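I have placed the structure first, in the form of structure tokens, so that the comments after it can refer back to it.
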Amino acid sequence: MYGNKFYRYADPDYSISNSPIDDDMYELVTEAVDKLKQCDARGIPSDLDALLARVREKLMLLL
């Protein structure tokens, strides 16, 4: 409440304190970071490329 006004979200189940990233996304991002740490000047390994594709797919679902 601000002054005499009340605010609410259109979606009654939405809360600003809820993270849009679920456990699966957290694991994917963590795995991606770990794989990126292993990269060197030779380029991106194929398993990292596949992992990043999965991350992109998951992120698109959040949009």
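The values are calculated or read from the model by the stated rules, or taken from the named source; none is laboratory data. Fair warning: this is a prediction, and the values are worked out from it, not measured in the lab. Here Cβ is always computed from backbone atoms with ideal geometry, including for glycine, and neighbour counts include all displayed protein chains. All accessible areas refer to the heavy atoms of the entire protein, side chains included, with ligands and DNA or RNA removed. Shrake-Rupley method; radii C 1.70, N 1.55, O 1.52, S 1.80 Å.
Just give me the residues in the range 39-51 being farther than 19 Å from D23 by Cβ and at pLDDT 75 or above, in sequence order.
P45, S46, D47, L48, D49, A50
Select from the range 41-60 the residues that are among the acidic types (D, E) and farther than 18 Å from Y26 by Cβ and write down the one among them that is nearest to the chain's Cα centre (by Cα).
That would be D49.
Between L28, L36, L59, which is out of contact with any Cys (no Cβ under 9 Å at 6 or more places or on another chain), modelled with pLDDT under 75, surrounded by 11 or more Cβ atoms within 10 Å (Cβ to Cβ) and hydrophobic (A, V, I, L, M, F, W, C)?
L59
With open to solvent by less than 60 Å² (accessible area, probe 1.4 Å) and at pLDDT below 80 as the only criterion, which of S19, S15 stands out?
S15
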